[in-house]
Amino acid sequence: MSTPLLELVNVTRIYPTGDSEFRALDRVSLTIESGEMVAIVGPSGSGKSTLMNILGCLDHPSAGEYRIAGRETSDLPSEELAELRRYHFGFIFQRYHLMSHLSAVQNSEIPAIYAGVNKNRRRASAQDLLMRLGLGDRTEHRPGQLSGGQQQRVSVARALINGGEVILADEPTGALDSQSGKEMMALLKELHEHGHTIILVTHDAGIAAHAERIIEMSDGQIISDKSHGTMPRRTSHSSRCETLVAGGHIQQLWDRTCEAFRMAWFAMSCHRLRTLLTMLGIIIGITAVVCVVALGQGAQQKIIADINSMGTNVITVSPGKGWGDWRSSAIHTLVPADLDALKRQSYVDSVTPSLSSSQLLRYRSITASASVTGVSADYFRVRGMTLAQGTRFSDSEVRQLAQVVVIDDNTAAKLFSDSESPLGKVILLGSIPCRVVGITEKKESPFGNNQNLNVWIPYASAMGRLIGQNYFDAITVRVADGFDNELAETRITQLLMRRHGSQDFYTSSSDTILKTVNKTTSTMTLLVAAIAVISLVVGGIGVMNIMLVSVTERTHEIGIRMAVGARQSDIMQQFLIEAVLVCLLGGSVGVLLSYAIGLVFPLFVSSIQMHFSLWAILSAVLCSTLIGIVFGFLPARNAARLDPVVALARD
Ligand code: ADP
Ligand code: MG
């Protein structure tokens, strides 16, 4: 005798209940041949459904053996059990277990999706099946728009789409009126005649009479097993519904992934508000990160441009150890002798000291506060400034402590009327009368539109007459053209070290300033971006939260999917894709929002532009995908690890 199709040997199923256990099946042995129609009857609670679930590989026996076509199932991995469910079994449940958000045709084609059947093929075959089941005009209806009998026929179509060699019907007429029940039985008999193996659970003796073999159960045991009428036929399988053939491996994977995307999209659009709220966290996070980085880069570029406009071959020597050294004000070692020594160096084009103070200017009845800087005659050359009118003061005027000043255009405009030429006029710097000898050209100030008043006076006059200090605040050197800036900086340092005996000064060139500024703004941007990233993480936790809720809410759906053959990896993929899709969408909206902010931003702030780099946007998108994967993983894994029987039982 050939191997039976299904064979149970001493199968026991024990449910743990509190501290004791409950034997739902007690050493059940049973063989079912291919092409049989078997009715399992018995009172409620006798273990019929438990037996069905084990037969359909939804549940495992606690003890005993279950062989399908001679193949032991107890040590099959869950993937292979899913495969058995997908290709060999078709479930019909008492309460249909259709997905309420899918149409009849979409419900029927689910097993074919997991089998990797191409979309058009499975759509056509689902439609064909529904047509043959008398639902040709109902294919686009949702379960809620169908009668009980019609819904049950949709679930028959679903059971048949991948072939449905063995149909497991657990009280298929239980929820139907008697007329629909009769039709259902007629349908099952017809399938039986076409060669399907039918296993039917019922507690109605009249319905059981349709079967050739009736197995009676009580308290988890088979108490009788009677065959009557014709003996089981071994019909050739050719008359059964054609099994849909899937495409190549890559094609299958692609189809399944597309399908997962479609399902995820569908699930998201079913809960629009919730999806939007979930996304909000990601939107805000991505917008914050992209905007902060854009602002940081904008500011950096602006500062670099400003520094470059100050000239690149200028080196400034200042007292102290570096920027912000609070002891530098106590260091008084930059003196006129240093200036003379620097002036004699071959690599020095020109050099100027500077010492500044704020003074009250007065001309006739007009007074104004100005920044007065003591400088050498070379100052204007060092700084690359040109005079609009008059001349700069001469070296000899510096030596003579002459009371002459060069003023900038702001000061000229402030103190003098348009018709009056400032040249030769005497203004008061504090209490010192000085003659105006020159006016500088209006300069596009790099640091915003400067309204400050600037007045330059020979440094000796500033030291001797105005401020009364015998040291400089700084010395600025313009390096001769063609001489290496860095080398000049080293030479200056060596020279002044020799003169001072220690390094109580520091040099800064536009190069070093650039480097420092770059470093500082990058650090700042990174810091603020890090804070913005926290909001992204919070958004990610929000996604995880909602996904966990979603898994709980859709446990029943997951159960159905598993019962019709979804692998654990399919379920995992579906939820992961959903999480990633939410995050990606949120990320894209965030990027768009950032661009919108970038458009509005210049209306309020003119000094800095937001600079969006492709790099920042790509990393934002990558970031949101990663967040989706990281925070979607736990919920997706929870979903995939659900026990199909438990999930199905949940409502
Ligand atoms: P039937 O389908 O014949 O009505 P079931 O197979 O559903 O019966 O259940 C058989 C027995 O097992 C019942 O007494 C039921 O209470 C028990 N049972 C079923 N599922 C579980 C479970 N998950 N945990 C504990 N007991 C269960
Ligand atoms: Mg039952």
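The values are calculated or read from the model by the stated rules, or taken from the named source; none is laboratory data. Predicted, not measured: the structure shown is a model, and the values here were computed from it. Counting neighbours? That spans all protein chains shown, and the Cβs are built from the backbone with ideal geometry, glycine included. Heavy atoms of the whole protein, side chains included, go into the accessibility calculation; ligands, DNA and RNA do not. Shrake-Rupley method; radii C 1.70, N 1.55, O 1.52, S 1.80 Å.
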Residue-count net charge about GLN574 - beta-carbon cut-off 13 Å; Lys, Arg +1, Asp, Glu -1 = +2
Vicinal HN-Hα couplings computed from phi for region 28-41 (Karplus, 6.51 cos²θ - 1.76 cosθ + 1.60; Hz; Gly/Pro x) | 8, 10, 6, 10, 10, 8, 4, x, 6, 10, 10, 10, 10, 10
Out of residues 5 or more away from PHE505 or on other chains, whose amide H comes under 5 Å of its own, with H placed 1.01 Å from N in the peptide plane?
-> GLY320
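What's the extension gain from ARG95 to GLU190 if we count 0.36 nm per residue and subtract their Cα-Cα distance? All intermediate terms of the calculation are to be shown ahead of the outcome.
Numbers: separation 95, 0.36 × 95 = 34.20 nm, distance 2.16 nm.
Separation in residues times 0.36 nm, less the Cα-Cα distance, equals 32.0 nm.
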What residues have an amide H closer than 5 Å to that of LEU133, excluding those fewer than 5 places away on the same chain, when H is modeled at 1.01 Å from N in the peptide plane?
-> none
Taking the Cα-to-Cβ direction at SER369 and at THR552 and moving 7 Å from each Cα, how far apart do the two end points lie in nm?
-> 6.4 nm
Expressed as cubic angstrom per residue, what is the convex hull volume of the alpha carbon set of region 249-291?
-> 79 Å³
Which is the longest run of the chain containing none of the chymotrypsin sites (Phe, Trp or Tyr not before Pro) found in DSSP loop states (not H, G, I, E, B) with at most 13 other C-beta atoms within 10 Å?
-> 1-322
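Just to confirm, what accessible area per residue do you get for region 493-651 at 1.4 Å probe, in whole Å²?
Working: 7790 Å² over 159 residues.
Solvent-accessible surface per residue comes out at 49 Å².
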Taking H as built 1.01 Å from N, whose amide H comes closer than 5 Å to the amide H of LEU200, not counting residues under 5 places away?
-> VAL38, ALA39, ILE40, ALA169
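Taking the Kirkwood radius as the inverse of the mean 1/r across Cα pairs, report the Rg/Rh of region 149-208. If you can, show how the numbers build up before the last one.
Working: Rg = 10.7 Å, Rh = 11.6 Å.
My calculation of the ratio gives 0.93.
Using the Cα atoms of region 25-117 to build a convex hull, what is its mean projected area in square nanometres?
On the way: hull surface 30.6 nm².
Dividing the Cα hull surface by four gives the mean projection, 7.7 nm².
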Once the in-chain neighbours fewer than 8 apart are removed, the aspartates and glutamates whose Cα is under 15 Å from LYS48 read ASP26, ASP59, ASP170, GLU171, ASP204, GLU216, ASP219, ASP225
Using only Cα atoms, tell me the angle between helix 568-604 and the longest principal axis of the chain; keep it within 0 to 90° and round to the nearest 10.
-> 30 degrees
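Please give the per residue accessible area of region 321-420, computed with a probe of 1.4 Å over protein heavy atoms only, in Å².
Details: 5120 Å² over 100 residues.
It amounts to 51 Å² per residue over region 321-420.
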Work from the charge dipole of region 16-140 (Cβ charges, +1 for Lys and Arg, -1 for Asp and Glu, about the Cα centre) and give the residue of ALA104, LEU76, VAL117 farthest towards its positive end.
-> ALA104
Quote the FRET efficiency, to the nearest 0.05, computed for SER227 versus ASP128 with a Förster distance R0 of 41 Å and r equal to the Cβ-Cβ distance.
-> 0.75
Hey, what angle do you get for helix 272-309 against the long axis of the chain, alpha-carbon based, 0 to 90 degrees rounded to 10?
-> 20 degrees
What is the pair-distance distribution P(r) of region 277-374, computed from all Cα-Cα distances in 5 Å bins starting at 0, with each bin given as a whole percent?
-> 2, 8, 9, 11, 13, 12, 11, 9, 7, 5, 5, 4, 2, 1, 0
Whole-percent carbon and sulfur share, accessible surface of the chain, 1.4 Å = 57 percent
Enumerate the calculated ³J(HN,Hα) couplings along region 53-63 in order (Karplus 6.51 cos²θ - 1.76 cosθ + 1.60, θ = phi - 60°), each rounded to whole Hz, writing x wherever the residue is Gly or Pro.
-> 4, 6, 4, x, 6, 8, 9, 9, x, 6, 8
Rounded, prolate or oblate: which fits region 505-616 when a ≥ b ≥ c are the square roots of the eigenvalues of the alpha-carbon gyration tensor, with rounded for a/c under 1.5 and prolate only if a/b beats b/c?
-> prolate
Region 397-479: GluC sites (Glu not before Pro) falling in loop per DSSP and having at most 13 other Cβ within 10 Å | GLU420, GLU441, GLU444
Hey, rough spin-label estimate for HIS500 and ARG637, points 7 angstrom out along Cα→Cβ, what's it come to in nanometres?
-> 6.1 nm
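Considering the convex hull of the alpha carbon atoms of region 465-556, report its projected area averaged over all viewing directions, in nm², one decimal.
Working: hull surface 52.6 nm².
So the mean shadow area of the Cα hull is 13.1 nm².
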In whole angstrom, note down how far apart the Cα centers of region 553-606 and region 534-548 are.
-> 11 Å
Rg over Rh [alpha-carbon atoms, Kirkwood Rh] for the chain | 1.36
To the nearest 20 debye, the chain has a Cα-centred charge dipole, built from +1 on Lys and Arg Cβ and -1 on Asp and Glu Cβ, of 1920 debye
Over the Cα atoms of region 311-434 the radius of gyration and the largest Cα-Cα distance (Dmax), both in Å, equal 16.5, 49
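Which FRET efficiency, nearest 0.05, do THR386 and ASP511 yield, Cβ-Cβ r, R0 35 Å? Walk me through the numbers on the way to the answer.
Numbers: r = 24 Å, r/R0 = 0.70.
Once rounded, the FRET efficiency stands at 0.90.
For a 21 Å ceiling on Cα separation, which of these pairs sit above it: LYS321/LYS519; LYS182/LYS226; LYS321/LYS515; LYS302/LYS414? Intermediate values should be presented prior to the final figure.
Working: LYS321/LYS519 19 Å; LYS182/LYS226 23 Å; LYS321/LYS515 17 Å; LYS302/LYS414 30 Å.
Pairs exceeding the cut-off: LYS182/LYS226; LYS302/LYS414.
Considering only DSSP beta bridges with both partners in the chain, what is the antiparallel share in %, to the nearest 5?
Numbers: 57 of 84 bridges.
The antiparallel fraction comes to roughly 70 percent.
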Would you mind checking the tilt of helix 178-193 against the longest principal axis of the Cα atoms of the chain, expressed as 0 to 90 degrees and rounded to 10?
-> 90 degrees
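What FRET efficiency do you get for SER396 and LYS519 if R0 is 56 Å and r is their Cβ-Cβ distance, rounded to the nearest 0.05? The partial results should precede the final answer.
On the way: r = 44 Å, r/R0 = 0.79.
Efficiency, rounded to the nearest 0.05: 0.80.
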Farthest positive-ward along the chain dipole, Cα basis, beta-carbon charges - from SER227, GLY248, GLN301 | GLN301
Computed from every Cα-Cα pair in region 1-77, P(r) in 5 Å bins starting at 0 and rounded to whole percents is 4, 14, 26, 25, 18, 8, 3, 1, 0
